[in-house]
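Student: I have a structure here, written as structure tokens, and I will follow up with some questions on it.
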Amino acid sequence: MAKQNSDSRRAFLKNSLGALAAFTIVPRHVLGRGYLAPSDQLTKAVIGTGGMGRGHFGYAGTRVVAICDVDRNHLKLAMDQLGDKGVKTFSDYREVITLPEVDIVHVATPPHWHGIIAADAARAGKDIWCEKPMTATIGEGKRLVEAVQQHGRIFRLNTWFRFEDRFYGMGTTVKPIKKLVESGLLGWPLKVTVSKHTGFDWKFFWVGKTNLETVAVPKELDYDMWLGPAPFRPYNPHRVHQTFRGYWDYDGGGLGDMGQHYLDPVQYFLGKDDTSPVSVEIDAPQQHPDAVGTWRRITYTYADGCQIILDGEGKDEKAAYIEGPKGKLYPGFKSDIPDLEKKLAAFPDPLPQQTDFVDAVKNRKKFALNEENGHRSCTLVNMGKIALRLNRSLKFDPVKQEFIDDAGANALIFQPMRGPWTI
């Protein structure tokens, strides 16, 4: 695939937009027999057809019309799953995002591509469903927020625990936890401990290898495009596909994999959707510059004294999930507050959320987990990654979204991108 510089890429998008129309509700009779109106289904393109991408082909109310992957084997597996339904296949996402028949772009690539593809899709007039973590860096998150809002797009981040499904070891959805926090029964400030004993295993098997030998690139893989903005490294199969999470260039190990799943709901029930911690403290071995390792403890502190503790070793077997000056909450929604559920019944439920993505797109309503609050919870992950890589604790300005008096940390807010890629 020919590379383009950033100006030509933006020009490509601008010129292609002339062929696009804004999303409208088209009556069925206009489309003719055998076609579904957008009011019935939304069309989508899935970029990245590994296991995650293929697992989201059947989302209710949507229909796949295009797929894209830099690995021909992935494309074949995807087409075998979809069957002969006229689905178009591509190896370059830039061709996909300008298709006039596509309403939604689903970004299911490794995280080092999330920000660039999602921002380009927004500029191309597409609504976006993006896998977690939202972006690989804080700076990419800021740019993606700007692109989504500037172009009036609907954005969904694909971690759902703030609004549905059982929340790992807590044995409940997040709604009653949010209600408990808002009731004040636990007091304030609160400390949240995220560890295997409170229901959250950090998956430390996602570590990189430091002795990788150079292997020939398989013929079905466009490795240069797979790397994209990441630095060039000699190919080894452990760097790509299922095990890419173990390398800083593409993700952040167990923290990158599970961090936004675990921490986005915490941000939500603590009421921190519009801010970030003022510090992050690290207790970890020195990290390898390429391969992600493990860590013992990461502590985030907010301006009001609330804390989130990521306990990697799980040393405190009796830790409460949430601890406040007036009480504690344990997995299974157990508490040291007598008659908690009876007391909680007297308080109002949390405000309702927009959790139907199809409805959000059709009616142009902001989704519950969107570019703004998604960026803030992803910032928790990326703050931790930066502190780990530098092996030092950091102070953070949540308004400027910059580290305080630390040029080395700020240099990692925007990691250099391999030419010609920019966001």
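Student: For segment 414-423, check the following and say yes or no: at least one residue is within 25 Å of Glu131 (Cβ to Cβ), over 21 Å from the mean Cα position of the chain (by Cα) and either of a type outside the set (Phe, Trp, Tyr) or assigned to a helix (DSSP H, G or I) (or both).
Tutor: For segment 414-423, residues within 25 Å of Glu131 (Cβ to Cβ), over 21 Å from the mean Cα position of the chain (by Cα) and either of a type outside the set (Phe, Trp, Tyr) or assigned to a helix (DSSP H, G or I) (or both): present.
Student: Something else now. State all residues of segment 360-394 that are of a type in the set (S, T, N, Q) and in contact (Cβ under 8 Å) with a residue 40 or more places away in the chain; if no residue qualifies, say none.
Tutor: Once the filter is applied, which keeps residues that are of a type in the set (S, T, N, Q) and in contact (Cβ under 8 Å) with a residue 40 or more places away in the chain, segment 360-394 yields Asn370, Asn373, Ser377, Thr379, Asn382, Asn391, Ser393.
Student: Quick check: is even one residue across segment 59-75 open to solvent by 30 Å² or more (accessible area, probe 1.4 Å), at pLDDT 95 or above and acidic (Asp, Glu)?
Tutor: No, segment 59-75 has no match at all.
Student: Additional query: Looking at segment 119-130, can you tell me whether even one residue there is modelled with pLDDT of 95 or more, within 15 Å of Phe357 (Cα to Cα), among the β-branched types (Val, Ile, Thr) and open to solvent by less than 30 Å² (accessible area, probe 1.4 Å)?
Tutor: Within segment 119-130, one or more residues are modelled with pLDDT of 95 or more, within 15 Å of Phe357 (Cα to Cα), among the β-branched types (Val, Ile, Thr) and open to solvent by less than 30 Å² (accessible area, probe 1.4 Å).
Student: How many residues are surrounded by fewer than 17 Cβ atoms within 10 Å (Cβ to Cβ) and either more than 13 Å from Val65 (Cβ to Cβ) or over 25 Å from the mean Cα position of the chain (by Cα) (or both) when one looks only at segment 78-94?
Tutor: 10
Student: Of the residues that make up segment 313-330, is at least one open to solvent by 10 Å² or more (accessible area, probe 1.4 Å) and within 26 Å of Leu157 (Cα to Cα)?
Tutor: Looking through segment 313-330, none of the residues is open to solvent by 10 Å² or more (accessible area, probe 1.4 Å) and within 26 Å of Leu157 (Cα to Cα).
Student: Continuing with the same structure: Name the single residue, out of those in segment 120-141 being of a type in the set (A, V, I, L, M, F, W, C) and part of a helix (DSSP H, G or I), that is farthest from His106 (Cα to Cα).
Tutor: The extreme case among them is Ile138.
Student: So which pairs qualify, if the first residue must be in segment 209-222 and outside the structural domain of Cys68 (by the TED database), the second must be modelled with pLDDT under 95 and open to solvent by 80 Å² or more (accessible area, probe 1.4 Å), the Cβ gap must be under 8 Å, and the two must be at least 6 apart or on different chains?
Tutor: Asp222/Met1
Student: Mind listing just one residue for me: the one in segment 142-168 that is in a helix (DSSP H, G or I) and touching a Lys or Arg at 6+ places or on another chain (Cβ under 9 Å) and, of those, nearest to Lys385 (Cα to Cα)?
Tutor: The selected residue is Ala147.
The values are calculated or read from the model by the stated rules, or taken from the named source; none is laboratory data. Keep in mind the model is a prediction, meaning the values are calculated, not measured. FYI the Cβ positions are ideal-geometry reconstructions off the backbone, even for glycines, and counts take in every protein chain you see. We work out accessible area using only protein heavy atoms, side chains counted, and drop any ligands, DNA or RNA first. Shrake-Rupley method; radii C 1.70, N 1.55, O 1.52, S 1.80 Å.
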